Amino acid sequence: MWQALHHLFVATAGKGLYEITRDTADFVRGRNISTGLLTIFCRHTSASLLIQENADPDVRADLQTFFEALAPEDRGRYVHATEGPDDMPAHIRAALTQAQLAIPVESGRLVLGAWQGVYLFEHRREPHRREIVLHLFGE
């Protein structure tokens with residue numbers, strides 16, 4: 001069994017879904033692992049990870065609208081506001097999504113569906129530099 005580890009940095013311009021499928025797939029292809037498992041981990045509490053449709057951009061827009069309604073910015077609603085009014089809603093959105101993903105690897109490639117993409121979901125308004133850790137294990 002072999003392992004490989006990589007830190008991927010994603011510059012965000014504010015709230016939204018940022019596709020990282022290509023960077024993730026390039027990492028896997030660049031290793032000599034045919035069969036295994038890729039774990040993707042987001043090192044932040046106000047951003048998260050999703051596997052979601054990458055064909056129709058309306059899906060991403062609808063997801064953002066849904067999460068805005070589910071955890072709105074409202075100064076009177078939350079106690080925690082240390083980093084501004086978008087701070088606690090960002091934590092709620094991250095708690096309802098995922099900090100890590102596991103994707104099988106077969107024949108040296110990610111086993112994703114035809115319309116699936118891997119996304120960093122930025123929940124804060126301001127630009128950030130997000131760190132994603134990729135851990136590939138296999139043979």
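Below are the figures for this structure:
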quantity	calculated
Relative contact order, percent, the range 2-138 [alpha-carbon distance under 8 Å, six or more residues apart]	55
Positive-end extreme of charge dipole, the chain - chosen from Gly16, Ser34, Pro89 (charges on Cβ)	Ser34
Efficiency of FRET from Cβ geometry, Ala81 and Leu5, R₀ 35 Å, rounded to 0.05	0.50
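Rule-based calculations on the coordinates, nothing more; no lab input. What you see is a predicted model, and the numbers here were worked out from it, not measured in a lab. Positions of Cβ are backbone-derived with ideal geometry, glycine not excepted, and every protein chain shown enters the neighbour counts.
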